[in-house]
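First up is the structure itself, then whatever we jot down about it.
Since every read-out is calculated from the coordinates, none of them should be taken as a lab result. Here the structure is a predicted model, which means the values were calculated and not measured. When we count neighbours, we look across all protein chains shown, and the Cβ atoms used for this are built from the backbone with ideal geometry, even at glycine.
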């Protein structure tokens, strides 16, 4: 009997490694979600973003910091793992994030990283790096829309929670019901 991994926190399975069949199914699901998100007019549902982020990194044993680079209409350009760390942290370098946003001609970003512990509460370090990245990206007019923390307990949006990080503006929180991202141009 194989153990399963409770990706969406249904409380039905213990934490364990994925079997090869499960890994193949997850990769197929990621492909479907990526296809759907790339052909969608824009991200309009935080639950889609949370599920997408969970599928990408929840199973990792070490922390991974990723960026969802988006165009001016908030359509996905690319999802990239930019930094990897250990079980309790990853070093994030703002200049690398800014450089990649410029290379992709991104107008906006959503950050996501996993907590291998499973706990999705943003740490003080998470809030601090979000502030630094917001400042760095603001210089080149790239908007920071959100920062998702992913774990086996689910996924948490800093903007949705109103976590105090300049740049995760209160208007994002008020836009969660429907088209939660403000469009420009």
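Things to note:
- The relative contact order of the stretch 20-174 comes to 21 percent, based on Cα pairs under 8 Å that sit 6 or more residues apart.
- In this simple spin-label model, placing a label point 7 Å from the Cα along the Cα-to-Cβ direction at both residue 18 and residue 103 gives a separation of 2.5 nm.
- In this simple spin-label approximation, residue 25 and residue 72 carry label points 7 Å from Cα along the Cα→Cβ vector, and these lie 4.3 nm apart.
- Panel order for 63, 80, by other beta carbons found within 10 Å of each beta carbon, from fewest to most: 80, 63.
- FRET efficiency for the pair residue 81 and residue 139, taken as 1/(1 + (r/R0)^6) with r the Cβ-Cβ distance and R0 = 22 Å, rounds to 0.40.
- Neighbour-count order for 113, 64, 93, fewest beta carbons within 10 angstrom listed first: 93, 64, 113
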